[in-house]
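The values are calculated or read from the model by the stated rules, or taken from the named source; none is laboratory data. Bear in mind the structure is a predicted one, so any value in this text is a computation, not a measurement. Every residue, glycine among them, receives a Cβ derived from its backbone with ideal geometry; neighbour counts consider all protein chains shown. Accessible surface is based on the protein model in full, side chains and every heavy atom, while ligands, DNA and RNA are left aside. Shrake-Rupley method; radii C 1.70, N 1.55, O 1.52, S 1.80 Å.
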Amino acid sequence: MGAMETTQSRVAVAGASGLIGTALTRSLAADGHEVVRLVRRAPRSKDEVRWDPKERYVDTAGLAGCSAVVNLAGAGIGDHRWTAAYKRELRDSRVLGTETLATAAASLDEPPRVFVNASAIGYYGDTGQRAVDESAPAGEGFLPSLCVEWEDSAAAARDAGIRTVLARNGLVIGREGGAWGRLFPLFKAGLGGRLGNGRQYWSYISLHDEVAALRHLIDTETLSGPFNLTAPEPLTNREVTAAMGRVLHRPALLPAPAPALRLVLGEMAGDVLGSQRVLPTRLLDSGFAFAFPAIDEAIRAALR
């Protein structure tokens, strides 16, 4: 294991205000690490560093002394309908942001030991009933092509000899954001149910395990390349919604039919209705142990 587990380190985090970023920075700070948050406005405190991904600008002086740079930034996949303009925003916020940070990290006199770049299991596209791990190729469509470009944007860090990790995030179970941030209120109101036919696989991960996995990837100096951050046993949407009903003691009887989802979500409906059966093979092989591998436990953990 790396030195970060035993010594206080300086860690820069982009996307620190998001669901994962908030939990990660809290975890790092609780263990005594110094966290530097990248912000798109004028810094308000000494732990903030200005950056502007669209202008390809980052205050590199603020990254000095960082042993790790973690990039979790990117416009929300589910925040808007996928118009041509918003698809461009989804791309630019990820690709330009990653290029900017990777280039800045590579330019430092003392580069960080590790650059962790978020990606997503959208890389694989719709896998149907077929299970895939990190050895699988990219799928076809908007999200897979976006993920490929997003990951390739970290090249400057990798080419500079910085250990570069690509964290392909699954569906994170948290109350405060992401897909589950929308599901919890629906189910609590008794309005939850399967999406479409419910046979599509959802590859989920508890927020606790997501943060623990990122910490593991930061700390373990032998790890680089892509890692799927998903629980070991993906479940169908029907199984997930049944678990939500069980844990919240609410009926989960109201299915959202596919045509209605397409009407509401537009092109994004294809990804909600699509199936992603993704396995965390490399994470498990690296010795990582999940605290909440089962769906009921993962949902309960989010409600604490």
Name the pairs: first residue in region 62-90 and closer than 26 Å to E48 by Cβ and at pLDDT below 90, second residue among the β-branched types (V, I, T) and part of a helix (DSSP H, G or I), Cβ to Cβ under 9 Å, at least 6 apart or on different chains? G74/T98
Only one of V264, V240 that is touching a strand residue (DSSP E or B) at 6+ places or on another chain (Cβ under 9 Å) and at pLDDT below 85: V264
Out of all the residues in region 204-216, is one or more of a type outside the set (D, E, K, R) and on the phi > 0 side of the Ramachandran plot? no
Kindly evaluate L101 against the criterion of being buried (at least 24 other Cβ atoms within 10 Å of the Cβ) and under 19 Å from the mean Cα position of the chain (by Cα). yes
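Could you identify the single residue in S119, S135, S153 that is among the polar types (S, T, N, Q) and more than 30 Å from Y57 (Cα to Cα)?
Matching residue, one of S119, S135, S153: S135.
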Checking G32 against (1) among the small types (G, A, S); (2) at positive phi; (3) under 15 Å from the mean Cα position of the chain (by Cα), only one condition comes out false. Which one? (3)
Among the residues of region 174-191, the number that are part of a loop (DSSP other than H, G, I, E, B) and either open to solvent by 70 Å² or more (accessible area, probe 1.4 Å) or under 21 Å from F292 (Cβ atoms) (or both) is 5
Give the number of residues within region 35-51 that are at pLDDT 95 or above and within 21 Å of the chain's Cα centre (by Cα). 6
Could you check, for region 59-74, whether at least one of its residues is open to solvent by 50 Å² or more (accessible area, probe 1.4 Å), closer than 30 Å to A302 by Cα and among the charged types (D, E, K, R)? no
Does any residue of region 15-32 turn out to be open to solvent by 60 Å² or more (accessible area, probe 1.4 Å) and either touching a helix residue (DSSP H, G or I) at 6+ places or on another chain (Cβ under 6 Å) or at pLDDT below 90 (or both)? no
Could we say that L217 is more than 30 Å from T241 (Cβ to Cβ) and in contact with a helix residue (DSSP H, G or I) (Cβ under 9 Å, 6 or more places away or on another chain) here? yes
Determine whether region 133-150 contains at least one residue that is in contact with a strand residue (DSSP E or B) (Cβ under 8 Å, 6 or more places away or on another chain), part of a strand (DSSP E or B) and closer than 21 Å to S203 by Cα. no
With (1) surrounded by 15 or more Cβ atoms within 10 Å (Cβ to Cβ); (2) touching a residue at least 40 places away in the same chain (Cβ under 8 Å); (3) not β-branched (V, I, T) as the list, and S145 as the residue in question, which single condition is left unmet? (2)
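Every residue, every condition in (1) of a type outside the set (A, V, I, L, M, F, W, C); (2) open to solvent by 30 Å² or more (accessible area, probe 1.4 Å); (3) assigned to a helix (DSSP H, G or I), yes or no:
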{"position": "A156", "(1), (2), (3)": "no, yes, yes"}
{"position": "G161", "(1), (2), (3)": "yes, yes, no"}
{"position": "L166", "(1), (2), (3)": "no, no, no"}
{"position": "V172", "(1), (2), (3)": "no, no, no"}
Would region 104-116 turn up any residue that is surrounded by fewer than 18 Cβ atoms within 10 Å (Cβ to Cβ), part of a helix (DSSP H, G or I) and more than 15 Å from the chain's Cα centre (by Cα)? yes
Can G78 be described as touching a Pro at 6+ places or on another chain (Cβ under 8 Å) and under 24 Å from L19 (Cβ atoms)? no
